[in-house]
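Here the structure comes first, spelled out in structure tokens, and everything after it is commentary.
The values are calculated or read from the model by the stated rules, or taken from the named source; none is laboratory data. A quick note: this is a predicted structure, and the numbers were derived from the prediction, not measured. Here the Cβ is made from the backbone with ideal geometry for all residues, glycine too, and neighbour counts use every protein chain on show.
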Amino acid sequence: MSTGVIQYTIRRLEIPMRVSFKHASAERTVSESVWVEAKRGTLTGLGEGCPRRYVTGETLDGAIAWAQAKVACVSANVTTLASLKHFVDEHRSEIDTNPSAWCAIELATLDLLAQEQNVSIERLLGVNESKTRFQYTAVLSADDPAKYEKNLKRFLRFGFSDFKLKVVADASLDYPRIDELKTKVSPGYRLLWPPVRLLASTWATRSPLDFRLRLDGNNAWAGREQEIYPFLDKIPLRPWAIEEPFAAHDFRAMAELSQREQLGIILDESLCNWGDIARATKHEARWVANLRVSKMGGLLRSLAIVDELKKQNWEIIVGAQVGETSVLSRAALVVARAAGDLLTAQEGAFGSMLLEKDIAQPEIKFGLAGILQNPSAQSKGLGLRQES
């Protein structure tokens, strides 16, 4: 096992997207990632982070600058997994404000270390590798009617039955899209309501006619919280949960919504560290965690959060940033495996279905019904290579 200095290369990665992706906080037509290569000897590890101002406060330029300034310190102090874990503990507050930038550095380092030990990244981190079947959610953005209909038809042709719909808190815009979803799926799908927890172990036996809907508010009702109640009273199709309806960290208002409407409340930008869990659990609600590796500040912190969520018995969604490559999609599989029976949904794995080209190969990409049969746990490291 090598203990020499690890050399890092950092650059921005921007890949045009085949379709634009819109929600209440932003519209995206190109991916924006921090891309890192960690080299030692003949091996190279790959890392990626997706800074998002509306999630972690990071910008791509700022994340690149921080990562470039930090790698000299990383190279001087990190040579093994133990030293990497120590580095994360020692720099916790700094990583809290630069999670996506650190994620890219950490993933590249973990990929390299696992390759050097000739093991998968799961085995390096002590995560059970037995789960090989993953089911993904269809994510529908807040598009114009023609684009929305096209994307919906595509997901239905694929056989998806689990949907996440981004809303803009305007009934005149949101209701027609929800009503179309209801019309398209009702003839052939059985609506799961009241909502039930679909544990990871049930995915294999779940009927393809089962249907679930969750909404993503992207903080659209912030500052006008009471307006969500008449919105939900007349909604054409009842969701089982809603993600970030109000301002980030407004746990009191979100808990009240959960109790009054019997909804799951999915925390995304309101859940970035251990402190967020503690603040949320002061309020009684059906909390659901959306864990994105980039947002959480890498795999080590993501896995630590999973351990805490297991103690709290929260449901877990393993999420994704729009435009991420297969590097982050592959890292997300580690978290999904670690979540075990608390895993209730998974997002991402679009690959070249969304990007003009995924530079990480082989692609981590779902197939029919949103299912990914993944053999990658038997690979070395992440099991990916970079293509120009």
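The rows are residues; the columns are (1) at pLDDT 95 or above; (2) in a loop (DSSP other than H, G, I, E, B); (3) among the charged types (D, E, K, R).
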{"site": "Pro187", "(1), (2), (3)": "no, yes, no"}
{"site": "Val196", "(1), (2), (3)": "no, yes, no"}
{"site": "Ser207", "(1), (2), (3)": "no, yes, no"}
{"site": "Leu215", "(1), (2), (3)": "yes, no, no"}
{"site": "Ala222", "(1), (2), (3)": "yes, yes, no"}
{"site": "Phe231", "(1), (2), (3)": "yes, no, no"}
{"site": "Ala247", "(1), (2), (3)": "yes, yes, no"}
{"site": "Arg252", "(1), (2), (3)": "yes, no, yes"}
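Which of the residues that make up segment 265-305 are of a type in the set (S, T, N, Q) and either under 19 Å from Phe246 (Cβ atoms) or at pLDDT below 95 (or both)?
Answer for segment 265-305, where residues must be of a type in the set (S, T, N, Q) and either under 19 Å from Phe246 (Cβ atoms) or at pLDDT below 95 (or both): Ser270, Asn273, Thr281, Asn290.
Would you check which residues across segment 161-182 are over 25 Å from Tyr229 (Cβ atoms) and modelled with pLDDT under 90 and list them?
Ser161
Only one of Ala72, Ala67 is outside any loop (DSSP other than H, G, I, E, B), at negative phi and buried (at least 18 other Cβ atoms within 10 Å of the Cβ); which?
Answer to the selection: Ala67.
Yes or no, residue by residue, for (1) modelled with pLDDT under 95; (2) within 25 Å of Gly275 (Cβ to Cβ):
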{"residue": "Lys22", "(1), (2)": "yes, no"}
{"residue": "Glu27", "(1), (2)": "yes, no"}
{"residue": "Val34", "(1), (2)": "no, yes"}
{"residue": "Arg53", "(1), (2)": "yes, yes"}
{"residue": "Ala69", "(1), (2)": "no, no"}
{"residue": "Cys73", "(1), (2)": "no, yes"}
{"residue": "Ser83", "(1), (2)": "no, no"}
{"residue": "Leu110", "(1), (2)": "no, yes"}
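Restricting attention to segment 316-355, which residues are over 16 Å from Arg385 (Cα atoms) and charged (D, E, K, R)?
Of everything in segment 316-355, those that are over 16 Å from Arg385 (Cα atoms) and charged (D, E, K, R) turn out to be Arg337, Asp341, Glu347.
Could you check how many residues of segment 301-311 are buried (at least 22 other Cβ atoms within 10 Å of the Cβ) and either touching a residue at least 40 places away in the same chain (Cβ under 8 Å) or over 13 Å from Leu107 (Cβ atoms) (or both)?
3
Hey, can you tell me all the residues within segment 337-380 that are modelled with pLDDT under 90, outside any helix (DSSP H, G or I) and among the aliphatic types (A, V, I, L, M)?
Correct list: Leu354, Leu355.
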